[in-house]
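Note sheet for the following structure.
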Amino acid sequence: MIRVNAAAHLPRQTLRRPIQELPDELISQIAAGEVVERPASVVRELVDNALDAGARQITVRLQAGGIRLISVEDDGIGILREELPTALKRHATSKIASLNDLEAVDTMGFRGEALAAICSIAEVSVLTRTDEGASHGWLLDGRSGELQPTARSRGTTVEVRELFFATPARRKFLKSESTELAHCIEAVRRHALARPEVGFAIWHEGKLVAQWRAVAPDLAGGEHLLDALRRRLADVLGEEFIEQAVAVNWPADDVPGESALTGGQQRLRVWGFAGVPDAARSRPDWQFAYVNGRFVRDKVITHAARSAYEDVLHGHRQPVYALYVGIDPTRVDVNVHPTKIEVRFRDSREVHQAVRHAVESALAAPRSAQTLPTTTAPAPSTPVEVPSTLPGPMPRQQPLPWRTEAPQVGQRVSDLGALWRPSDRVTAPLDAPDIQRAAPVSLSKQTATEVPAALPDGEWPLGRAIAQLHGVYILAENAQGLVVVDMHAAHERIVYERLKQQLDAHQITSQPLLIPATFAATPEEVATAEGAAEALATLGLEVVPFSPKTLAVRAVPTTLAAGDPVELARSVLAELSQHDASTVVQRARNELLATMACHGAVRANRRLTLDEMNALLRQMEVTERSDQCNHGRPTWRQLGMKDLDALFLRGR
């Protein structure tokens, strides 16, 4: 028999202890545990104060990774002599004086406990001078309170020595000097990314380890904040980041000024730079988000930015970006966390939509279009009309019939389908399977599209098609050299974007099949077809039971009329079975349309004529997000003349 000690389960007797106030030193040390995690925390707080003082040059000096010494020197307005001793007291600050001030904070620091907390766990001294009639500066010893005159130019220097000397247990949790140094550099780098008008320098053990010179935006001279940010991001993150990033500016009718960095905005604004999908990384270590100039880790902004990449990012890759949100300070709460790295928005949905829309708009423009010349000389061209879907296999020696009418050079192509439409003068023969699948399209209901057939060298960003490689890649020549296009991936994106536009406009039209396509279906497919008939109709599909074990496809989207209706129906039914049919368009819209576009895109080994290839290139240049397919893979690559010369060792 097992005997249980009943006394072991009785609550332990609690000793009564008197309620009393904690000593000031212990209070400060508790606060220090919230504010100061490592040397980088001290660097962040001191740089915040320097920026609030209007500094235009900040120098950080470190020893032993910041454990032995942290010195932050600035050229700001300085501290008055009579206010200097008060600056080191708990909850002493010049930045807020009432609850109204707290609800509309427009400075980096405001809580007033940082310096006092640091003084409780380290040796602190402050050297400062103002320009208000002062003939010299003043040096304050934080431990003794001694104040003495000292020579110095305008500004403030705060020295923190022997961090955690008063709390040795905390010091044991610090990492190696090199690791702590890396965190300190990262803390300064985050400030540098948000304040291009301020110069930063970091010294360690007497050696300069990082420096970023001030890049003041010349607003009067036409250079705005985005230009200054572009140069600062190139200095901090490297030229490669800027070369593979697009500018974000929303709303586009306004340009953010320098005041936007510190909360001077009264309207919601989003600007910065977002990396193209090709620049994505395996880790989210190059994601920088700022609210009124303050670096934050905010789930709303992070989710909104990641959502903007859903349509163009491959796999689990992480996008890179530096995004800045300007918002009325009264609409954001920065007093959420002692380290001020978290915020809370009054209307998080509004911020989410703004960030997502801003990044999506920036990524939507095809990068090939960025190289379009501002002026283009007229060139002879021949407008063409071909079917709304790719024709069936045709002998290579049989050319497609083209119309010959007045040319329109540089006209925007709105639909790849319009580029492959047969002329009403001559009808190209279709194979028997194609005749069974799709009824003829009335040309009177379609708009003719005119595309130059003769393309001058260098006129088009993606160049002029010269060949097709193994029925998979299109080779084109442009002013830079050779362009290689994955024709299936490119056409898939074009069809996908067209389907999205049609669905948004509720204009996905169906094309009845002359002979319904039947197939043996599983019980789940039959049930899905019956229960999701309305959702299928919204997508332009009509799939009905033909027998208890057979389904019939009676109509397909016009854009996908040349595809395999059975394969298309099965893929869509599989997607629908995993979602609620009543909300499938809202919840699984992109996934379904991507599936449909994949089946409707031109397949590998499909032989295209030069005119068809050129039509595809022209449509890529004007289709949003055409640089990536629906799965986030690139659709084209540029090989410049230098790249080709290097392959053949030319000039060596």
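Values quoted throughout were computed directly from the atomic coordinates according to the rules given, and no laboratory measurement underlies them. All values reported here derive from a predicted model rather than from experimental measurement. FYI the Cβ positions are ideal-geometry reconstructions off the backbone, even for glycines, and counts take in every protein chain you see.
Rounded, prolate or oblate: which one fits segment 57-140, using the alpha carbon gyration tensor with axes a ≥ b ≥ c (rounded when a/c is under 1.5, else prolate when a/b beats b/c, else oblate)?
It is oblate, given that a/c is not under 1.5 and a/b is not larger than b/c.
Need one word for segment 153-205: rounded, prolate or oblate. Basis is the Cα gyration tensor (sqrt eigenvalues a ≥ b ≥ c); a/c below 1.5 gives rounded, then a/b vs b/c decides.
It comes out oblate by the Cα gyration axes.
Ranked highest first by average number of other Cβ atoms within 10 Å, how do 17-23, 41-47, 346-352, 570-576 line up?
Top to bottom by mean Cβ count within 10 Å: 41-47, 570-576, 346-352, 17-23.
Cα-Cα over 32 Å: which of LYS175/LYS207; LYS95/LYS299; LYS207/LYS299; LYS89/LYS175; LYS207/LYS642; LYS95/LYS175?
Those over the limit are LYS207/LYS299; LYS207/LYS642; LYS95/LYS175.
So how far apart, in nm, are the two label points at GLU530 and ARG344 if each is 7 Å from Cα heading toward Cβ?
In this crude spin-label approximation the distance works out to 5.1 nm.
In nanometres, what is the gap between the two model label sites at GLU197 and THR179, each 7 Å from Cα along Cα-to-Cβ?
3.9
Which log10 I(q)/I(0) values does segment 279-347 give at q = 0.19, 0.20 Å⁻¹ under the Debye formula, counting every alpha carbon as one identical point scatterer?
Relative scattering, expressed as log10 I(q)/I(0), comes to -0.77, -0.83.
At 7 Å along Cα-to-Cβ for each site, give me the label-to-label distance between ASP504 and LEU26 in nm.
6.2
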